[in-house]
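Down below is the structure, laid out as structure tokens.
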Amino acid sequence: MKALSEHLAASLIELRASRGITQDQLAKLANIPRSTVTHLESGSGNPTLDNLVKVAAALQVSVEELLSPRRANCKLIKSRDLNKTKRGSTLLIRLLPDAIPGMVIDRMEIEEGGRLGGIPHVQGTKEYFTCFQGDVTVHVASERYRVQEGDVLAFPGDQAHSYSNTGSQKAICLSVVALAPAGV
């Protein structure tokens, strides 16, 4: 029984913190006294089923999630399972297997002497390009930037842009695109 109280206390503290709400706010959302929330988070509370259901509803989780030990929600994606696309002399590897609205992260492997034309994104988009190996020239609108190992180039992703491997080896880079929210 003690383990159950400890799981409940840890869950409440973590869930409340992740939502940025105070004990008082949780109590109001759950329609229970603040002292009940305090007792539950101390691990000394013995809640009624009614109070557990109210707290779970207020936090938008199941009662089971409140009472279960906290588990990491991790997923290992093997390299062979990542989405890979070959565009000319460049291998693009999509590093976000789960869709995150407004975010694209690609590993780019550009062969020596290779070039990749970028596709302008929606207005207001920002792109962050870093080079881990090699030497890449990035053309943005009418300007060009030499990006070497460790450098980061931040540029408006809605401009015409391209990447050229101007080094003497394969370039390995990372492109992070933060798409502008709709209507911006």
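Where a number appears in this text, it was derived from the coordinates with a stated rule and is not lab data. Predicted model, so just to flag it, every value in this text is computed and none were measured. No Cβ is skipped: glycine too gets one built from the backbone with ideal geometry, and neighbour counts run over all protein chains shown.
Numbers below:
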item	result
Residues Lys54, Lys78 arranged by fewest to most Cβ contacts within 10 Å	Lys78, Lys54
In Å, descending, principal axis extents of the Cα set of region 31-184	69, 36, 24
Average Cα contact separation per residue, the chain, under 8 Å, 6 or more apart, as relative contact order %	19
Ascending count of other beta-carbon atoms within 10 Å, so fewest first, for Tyr145, Tyr163	Tyr145, Tyr163
Spin-label proximity, Asp50 to region 12-41 - amide N less than 14 Å from point 7 Å beyond Cα toward beta carbon	31-33
Pairs of lysine residues in region 27-168 - Cα separation under 28 Å, sequence separation of 8 or more or cross-chain	7
Value of relative contact order over region 2-67, rounded to a whole percent, pairs C-alpha under 8 Å and six or more apart	42
